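Take a look at the following structure, please.
We did not get these values from a lab; they are worked out from the coordinates using the rules stated. If you're wondering where the values come from, they're calculated on a predicted model, not measured in any experiment. Here the Cβ is made from the backbone with ideal geometry for all residues, glycine too, and neighbour counts use every protein chain on show.
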Amino acid sequence: MKAPRVFRPSQSHITADIMARFLDHQAELADCIRALDPGDLGRVITSPANHWVVYSLGDACRIIRAHEALHFRQAKNSLELCHSKTGTGVTG
């Protein structure tokens, strides 16, 4: 399933620092989630992909967590593919 247009990257060029940028993004995202006021988790927000879709901030955090897990699997699979082509191993 393709991502909604609003979520598609504007470019697909992968730079050598992609993993460092990915990990920095994960740390920044984790900081943002930790900074949330627990009292706001029930607040209803609108999806950035479709203004007809609404859910709680707590549900948004769960959606983001699942989505980021997908990115981690994609990164792991990409590293494994890269290492298999170079003859080095990846563990974990």
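Once you place label points 7 Å from the Cα toward the Cβ at I33 and I63, how far apart are they in nm?
Roughly 1.5 nm, to one decimal.
Choose one of L41, S78, C61: the residue whose Cα lies farthest towards the positive end of the charge dipole of region 36-87 (beta-carbon charges +1 Lys, Arg; -1 Asp, Glu; about the Cα centre).
About the Cα centre, the residue reaching furthest to the positive side is S78.
Once you have the Kirkwood Rh of region 37-91 from its Cα pairs, apply Stokes-Einstein at 25 °C and 0.890 mPa s and quote D in µm²/s. Don't skip to the end; give the middle numbers.
Working: Rh = 13.6 Å.
Rounded, D is 180 µm²/s.
Counting other Cβ atoms within 10 Å of each Cβ, which trypsin sites (Lys or Arg not before Pro) in region 4-76 have at most 16 and sit in a DSSP loop? Intermediate values should be presented prior to the final figure.
Values: sites: R5, R21, R34, R43, R62, R65, R73, K76; in loops: R43.
Those that pass, being in a loop and sparsely packed, are R43.
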